[in-house]
1. Just wondering, is there one or more residues in region 10-21 that are at pLDDT below 70 and either open to solvent by 80 Å² or more (accessible area, probe 1.4 Å) or not in a helix (DSSP H, G or I) (or both)?
2. Residues in region 29-54 that are at pLDDT below 85, surrounded by 10 or more Cβ atoms within 10 Å (Cβ to Cβ) and among the hydrophobic types (A, V, I, L, M, F, W, C): how many?
Amino acid sequence: MCHTGSYLCGMGAGLMVGAVVCAAVLSAPESRKSAVGKTMQRVGNAVDQAVESVADMM
């Protein structure tokens, strides 16, 4: 049995949900920028701590 109709319906629904989520994310660039900034700060802090730990071992 071929369920091509169900497959296409599911793919269409997935594409629509993806488009809505994308539009919601793109409509709020301020929050996205702040989240990226926080993540970059955390990564920078982790790298700084790793470098300090390696320097202390030497």
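1. First pass over region 10-21, keeping only residues at pLDDT below 70: none.
For region 10-21, residues at pLDDT below 70 and either open to solvent by 80 Å² or more (accessible area, probe 1.4 Å) or not in a helix (DSSP H, G or I) (or both): absent.
2. The total comes to 2.
The values are calculated or read from the model by the stated rules, or taken from the named source; none is laboratory data. Model, not experiment: these values are computed from the prediction. With ideal geometry, Cβ positions are generated from the backbone for all residues, glycine too; neighbour counts draw on all protein chains shown. All accessible areas refer to the heavy atoms of the entire protein, side chains included, with ligands and DNA or RNA removed. Shrake-Rupley method; radii C 1.70, N 1.55, O 1.52, S 1.80 Å.
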